[in-house]
Structure formats: C-alpha cells, structure tokens
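Encoded as structure tokens, the structure appears first; notes follow it.
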Amino acid sequence: MTDTSQPHSATASQPGETSPSGANAQWGGRFAAGPAQIMSDINASIGFDKRMWQQDIRGSRAHAAMLVQAGVLTPEDEQSIAAGLTKIAAEIEAGDFPFDIALEDIHMNIEARLTDRIGDAGRRLHTGRSRNDQVATDFKLWVRDAIDGLHAQMTGVMRAMVLRAAEHAADPMPGFTHLQTAQPVTFGHHLMAYVEMLARDRGRLADCRKRLNESPLGAAALAGTSFPIDRHATATALGFDRPTANSLDSVSDRDFALEFLSTAAICAMHLSRLAEEIVIWCSGPFRFIRLSDAFTTGSSIMPQKRNPDAAELVRAKTGRITGSMVALLSVMKGLPLAYCKDMQEDKEPVFEAADALALSLAATEGMVRDLMPELSRMAAAAGQSFATATDLADWLVRTLKLPFRQAHHVTGRLVALAESRDIDLGELDLAAMQSVEPGITEDVYNVLTVAASVASRTSHGGTAPANVAREAARWQGILDQEDAA
C-alpha cells in the first residue's frame, strides 16, 4: 500500500487514468513516467487484498459520515458516496467488478470505481486519511471478523468433544506418557483434555481481539491530519473501543496480526496433536477408533486400506500456519517507523493461516462427531503393560504405610517378577507377592483392575468417571450459557 497521504485534487487526472507518459494518476503529479512492468507486478496487491473489500467499504462509509459531521463533506456528497459504495458492493458480490492491477490495491480500485460513478464526491472521500491508516483499519476489521468466525468454530469443536466425553465418561482406555502405557484413564477424560486446550485457544483469540480493537483510521500517513476529523466517531461507527493513541504506531503496528498468527499456530498445534492421535488410534496395531468413509480415503493399489487422510492433512496444515507466523515476524523485525512497503507482505500469511485453521477446525469437528470408538479394544489395552502398577504402589503406601519410595521399589520388583512369568500384576498369586513384601494381603487385588484404577482417581481434575461426567456437564452449561447470551 503506497503512501498516498495527500487528498486528491479536483484538478488531478481521473482515478484510473494515466498521463500521456504512462504515470498512474493515483500517484499524483510527482511522477512523470510509469513504472516498469516488474515494478507493477511486485507492487500490486489487488490479487490478494481484494478479500478486504467489505472492510474497505465499511471504513469508507464511516469516514464519509464523519467528514459530513466535521463539515468537510456535504450531506449530498455522503449520499452520493453511500449510494456509489452500495452499487460497488453489489458488483463485487456478483463477480462483475473490474479489478485493475494498475490501481494496485483494493482501496484504489474501489475509490477509482466510485469516482467513475459519482465524480468529485468520490475524489473528496480520501480527505483526512491515507492509504496507510486505511489499510491498517481494513486489516484490523478483517482480522477481527476472522477471529469471530474462528471463535465460533472452536466452540463447535468443543461442543462435539463435550458431547462425546459425556458419552464415554466411564469407558477406559490406556493413558500414555512417552507413548508408553502409563495408567488407565477414560476416553471421555482424554477428550476433555482437548476441551481445555481449545478453551485456552478461545481465550487467546478473545485477548487478541480486545487488544486490536482500536481504530487507526484518521492517523493518516503517519502524523495525523490538519482536517477537523473526529476519530472517536469513526472508531465507534466501526465497532472499535477507541481510536489508537499514537499516529506513528497506528500505521506501523502489525502486532495484532502477529498475535493472531501466534494464537492460530498454537491452536493448530493442538489440533495436530489430536490428529496424530487419531492417526495412531486408527492404525492396525491400535484400532481404538474407526472413521467412516466421510473422513477417510482408500489406496490406489491396496484395496483393504482405509487411510485417515483428514487427520493427516490437519496435522500437515500446522506447518503452513506456523510458517505464516514466522514469515510475518521476519517481515516486521527490521522495519523503522512508520509505514514501509514491506508491510504489504502482512496479509497473505494471515489470510492463508486463517483459511487453513478454519478448514482444520471444520475437519476436526467432523472427525470427532464421526469417530466410532472400539471400546472393548480400548479397555483391554488399558489393563496391559502393568498399567495398574501405580495403584499397587499407592495401596502399599495407604494400607501398609510404606514410604512411597519404598513402595515404588517393591512395586518395581513385583513388575519384574510378573514380566519374567509373562503375566500381568493381577495374575501374580499372593505367595509370589508376599515373597517380595510379606505384608501384602488379598485386598491388594481389589485395586489391580482397570475399573478400580479409574474410579479411584477422584482428585480434582482426575479421570474418575464421576469427575469426567461432571466436567462435561459443566462445560455443556458454559457453552449453552454463551449461546444464550
């Protein structure tokens, strides 16, 4: 977005025209010759920033209304501008708008079309603003709209997970550390872990939205403007909390985009972790879940294959989103105040990340609703690999009053003994157990089942089925309350 802070003169060439020498009239009288073709190609952003047309029109409407109140434009000018912008919006929605790369960006394309339609009133619209504050405003509005949409999608994924968690609050599965069987948990508890992650993601989005919700409009090129504008009025009209406080920062700040990308990257990482688990759970050695044909594909050569491609692609898109964040950080890291053309590179990473995250959230919600757990396999796996060893150690502490480190040592010896016999802990006879710790009684077998293990984890945040059911109900209430608000 080239700095065009000066209002258009009524005597300038018509927007979109070029002088006899080929100069773009939008640049004003400073340039006598047109740019080289390569300059036009690298300079133009209309190929991607046309996505902000709705935000650009909203900003122009608010700016025009304010200029009337300030006495800079007449009510007739505003009426002409509003009517012209309405027709332009209809053209863009219908796919009939003549986007022109020579006009560089969405702002100049809309302004030129408006001037073609309504004449001088269109030229006067740019009074008191620059493309620098205009693009910052449009971009903030676009990111804010994207945040609102993604927030709703995250809520949809959370709802799907809460529903499935409530269904499977008591169904056991192995809990892992290092991808090694650790302790039994319930499938519902596992899903509720992702509800907590997404809740934090929603919180980060909300924080980002709160911080970005200051309007740059009226900061002009970098120093403000001498026209008697009312920045508070345009901020209110556009749904911002207030205008930005410093004109230099207003046009050079892209923290909101970086924060959005950071939040998107963290959320994508969470979705990727679940996607990885879905891939593992669908695999032959695990077979914890099945996905329907809606979220899997076949093989071109192996007819038996059912590939969890949706999960794999969600996992892959994390790299794209994280790359977008790194790309914009790299663009911004060395820029002096205020606006630099480097900042034109801010939008594509944000657009791409928002698209990828929206698609990933949609796919994730679909898979969570679609997946069919193989409960018997999960339950069987939950009791394998000495998963109740910690329960045995806890029993030794609780019943025999052994220090935990001693109980840990005794349990380790019993595990080694069971492993040498190729049996599970609960299959060791009492005499074998007493050969390691004479104080062990028959009561120990009551804690060595999967059901007893998960039921015992009643501490706050634990996997006990009653806890899981209560948490699922709590989150369902929170989400229902949000919907009603």
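A few notes on this one:
- Whole-number percent relative contact order across the chain, with pairs defined as alpha carbons under 8 Å at least 6 apart: 17 percent
- Tilt relative to the chain, helix 255-282 - C-alpha long axis, 0 to 90 degrees, to 10: 30 degrees
- Pairs beyond 25 Å (Cα-Cα), from K210/K347; K210/K341; K210/K317: K210/K341; K210/K317
- Cut-off 14 Å between beta-carbons: net charge of the residues surrounding V162, Lys and Arg +1, Asp and Glu -1: -1
- Theoretical ellipticity at 222 nm over the chain - DSSP helices of four or more residues, -39500 (n - 2.57) apiece, nearest 500: -19500 deg cm²/dmol
- 0 to 90° range, to nearest 10: angle between helix 347-370 axis and the chain longest Cα axis: 40 degrees
- Pairwise Cα inverse-distance average, inverted: Kirkwood Rh of the stretch 300-407 (Å): 19.5 Å
- For the pair the stretch 409-482 / the stretch 258-285, the C-alpha centres are spaced 29 Å from each other.
- Globularity ratio of the stretch 223-337, using Cα Rg and 2.2 N^0.38 Å: 1.73
- Inter-label distance, nm, simple model (7 Å from Cα along the C-beta direction), A94/F176: 5.6 nm
- Gyration tensor (Cα) of the stretch 143-258, equivalent ellipsoid semi-axes in angstrom: 47, 15, 7
- Vicinal HN-Hα couplings computed from phi for the stretch 105-110 (Karplus, 6.51 cos²θ - 1.76 cosθ + 1.60; Hz; Gly/Pro x): 9, 5, 5, 6, 4, 5
- Apportionment of accessible area to carbon and sulfur, the stretch 333-485, percent (1.4 Å): 54 percent
- Stretching the chain fully between R306 and A432 yields a gain of 40.8 nm (0.36 nm per residue, less the alpha carbon separation).
- The tail of the calculated P(r) for the chain beyond 38 Å holds 45 percent of all Cα-Cα pairs.
- The angle between the Cα long axis of helix 75-94 and the main principal axis of the chain comes to about 50°, on a 0 to 90 degree scale.
- Spatial separation of Cα centroids for the stretch 115-136 and the stretch 162-186, in angstrom: 59 Å
- Ratio Rg/Rh, restricted to the stretch 311-352 and using Cα atoms, in which Rh is the Kirkwood radius: 1.12
- Expressed in Å, the radius of gyration and Dmax of the Cα atoms of the stretch 231-293 are 21.9, 63.
- Measuring spread by the Cα atoms of the stretch 382-485 yields a radius of gyration and Dmax of 18.1, 63 Å.
- Share of carbon and sulfur in the accessible heavy-atom surface of the stretch 198-293 [1.4 Å probe, %]: 51 percent
- With protein chains left intact and a 1.4 Å probe, residues in the chain average 45 Å² of accessible area per residue.
- Placing +1 on the Cβ of every Lys and Arg and -1 on the Cβ of every Asp and Glu, with no other charges, gives the stretch 145-230 a dipole of roughly 120 debye about its Cα centre.
- Surface/4 of the Cα convex hull for the stretch 136-211, nm²: 6.3 nm²
- Quarter of Cα convex hull surface for the stretch 203-268, i.e. mean projection, nm²: 4.6 nm²
- Computed 3J(HN,Hα) for the stretch 465-475, one whole-Hz value per residue from the Karplus formula 6.51 cos²θ - 1.76 cosθ + 1.60 where θ = phi - 60°, is x, 5, 4, 5, 4, 5, 5, 4, 5, 4, 5, glycine and proline marked x.
- Kirkwood analysis of the Cα pair distances in the stretch 54-203 returns a hydrodynamic radius of 19.3 Å.
- Charging the Cβ of each Asp and Glu at -1 and of each Lys and Arg at +1, and nothing else, the dipole of the chain about its Cα centre rounds to 540 debye.
- By the Kirkwood approach, averaging reciprocal distances over each pair of separate Cα atoms, the stretch 416-469 gets a hydrodynamic radius of 12.7 Å.
The values are calculated or read from the model by the stated rules, or taken from the named source; none is laboratory data. None of the values given here were measured: they were computed from a predicted structure. In this analysis, Cβ positions are derived from the backbone assuming ideal geometry, glycine residues included, and neighbour counts consider all displayed protein chains. Each accessible area value is taken on the protein alone, full model and side chains, heavy atoms only, with ligands, DNA and RNA left out. Shrake-Rupley method; radii C 1.70, N 1.55, O 1.52, S 1.80 Å.
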